[in-house]
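Take a look at the structure below.
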Amino acid sequence: GAGVSQTPSNKVTEKGKYVELRCDPISGHTALYWYRQSLGQGPEFLIYFQGTGAADDSGLPNDRFFAVRPEGSVSTLKIQRTERGDSAVYLCASSSSGGGDYEQYFGPGTRLTVT
Amino acid sequence: GIQVEQSPPDLILQEGANSTLRCNFSDSVNNLQWFHQNPWGQLINLFYIPSGTKQNGRLSATTVATERYSLLYISSSQTTDSGVYFCAACSNDYKLSFGAGTTVTVRA
């Protein structure tokens, strides 16, 4: 079956611009997560959705970052006024249910480069 | 949050060799996963193993939850096994905390 998909695979933007990154979870998965991976490091948690609501956004670095999941399926991560330090690979994951006891499956990521 | 430490940081193997990767974690876990990150950056699920032992082909994993560690075994390594191996764990929540990874290089 189809896995988690993310678009675009690569995004180059200029400092100060707005970007949107999209995630399509595995069909039927109610829990969705965003992580960020900087070069040479492991991914770090950003935000967790159970259904349509953001159950935990404690990992978002600041208020320039925002994410939505309006219909409980597709999610969009939005970054305003991008900075060079935002350059990283943004990974989306989903699991069949929330609560942490379920295996998380990751998408291929979006590589964001801010010039 | 939970701390996850992996060792060794780098591993160079001759094709056909066996190896063991270790993951230590600082708290009780409700989720522990092993991943292989391929050269294109995709995280491939290897094992979901908060406790016990599992095997999948040439790979196997064991988690001893009471002693807070997990081991990933690679037998008869192949060049396609090269890449970064991550251990990640959750402790009473849903946020996977990743270790720094073990970079494995298998030489023909």
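Where both partners of a DSSP beta bridge lie in chain A, what percent of those bridges are antiparallel, to the nearest 5?
Bridges in chain A that DSSP calls antiparallel: roughly 90 percent.
Where in the stretch B:46-69 does the amide nitrogen come within less than 17 Å of the point 7 Å from the Cα of B:Gln78, taken along Cα to Cβ?
Residues B:46, B:56-60 qualify, since their backbone N sits under 17 Å from the label point.
Using the Kirkwood radius built from alpha carbon pairs, what does the Stokes-Einstein equation give as D for chain B at 20 °C and 1.002 mPa s, in µm² per second?
Answer from the Stokes-Einstein relation: 156 µm²/s.
Starting from the Cα of B:Thr20, move 7 Å in the Cα-to-Cβ direction to define the label point; list residues of the stretch B:75-108 whose amide nitrogen is under 15 Å from there.
Counting backbone N atoms under 15 Å from the label point, the list is B:75-76.
Return the single residue from A:Gly28, A:Gly51, A:Gly98 with maximal mean-square fluctuation; model: Gaussian network over chain A, springs between Cα atoms under 10 Å.
Its mean-square fluctuation being the largest, the pick is A:Gly28.
Convert 37 °C to kelvin, take the viscosity as 0.692 mPa s, use the Kirkwood radius over C-alpha pairs of chain A as Rh, and evaluate the Stokes-Einstein diffusion coefficient in µm²/s, rounded to a whole number.
Rounded, D is 235 µm²/s.
Residue by residue through A:35-42, how many Cβ atoms from other chains fall within 10 Å of the Cβ on average?
Rounded to a whole number, the mean comes out at 4.
Could you give the size of the charge dipole of the protein assembly as shown about its Cα centre, using +1 on the Cβ of each K and R and -1 on the Cβ of each D and E, expressed in debye and rounded to the nearest 20?
480
Taking Rh as the Kirkwood radius computed over C-alpha pairs, what is the Stokes-Einstein D of the protein assembly as shown at 37 °C in a medium of viscosity 0.692 mPa s, expressed in µm² per second?
Once the numbers are plugged in, D ends up at 183 µm²/s.
Among A:Gln37, A:Gly53, A:Val19, whose Cα sits farthest toward the positive end of the charge dipole of the stretch A:13-59 (+1 at Cβ of Lys/Arg, -1 at Cβ of Asp/Glu, about the Cα centre)?
A:Val19
Pick from B:Gln14, B:Gln33, B:Gln42: which residue has the top mean-square fluctuation in a GNM of chain B where Cα pairs under 10 Å get a spring?
Maximum among the listed residues: B:Gln42.
What residues from the stretch A:15-43 fall in the zone where the backbone N is under 13 Å from a label point 7 Å along the Cα-to-C-beta line of A:Thr7?
In the stretch A:15-43, the label zone of A:Thr7 (backbone N under 13 Å from the point 7 Å along Cα→Cβ) covers A:21-25.
Read-outs throughout are calculated quantities, based only on the coordinates presented, and are distinct from any laboratory measurement. Small disclaimer: the values here were computed from a predicted structure and weren't measured. Reconstructed Cβ throughout: ideal geometry from the backbone, glycine too, with neighbour counts over all protein chains shown.
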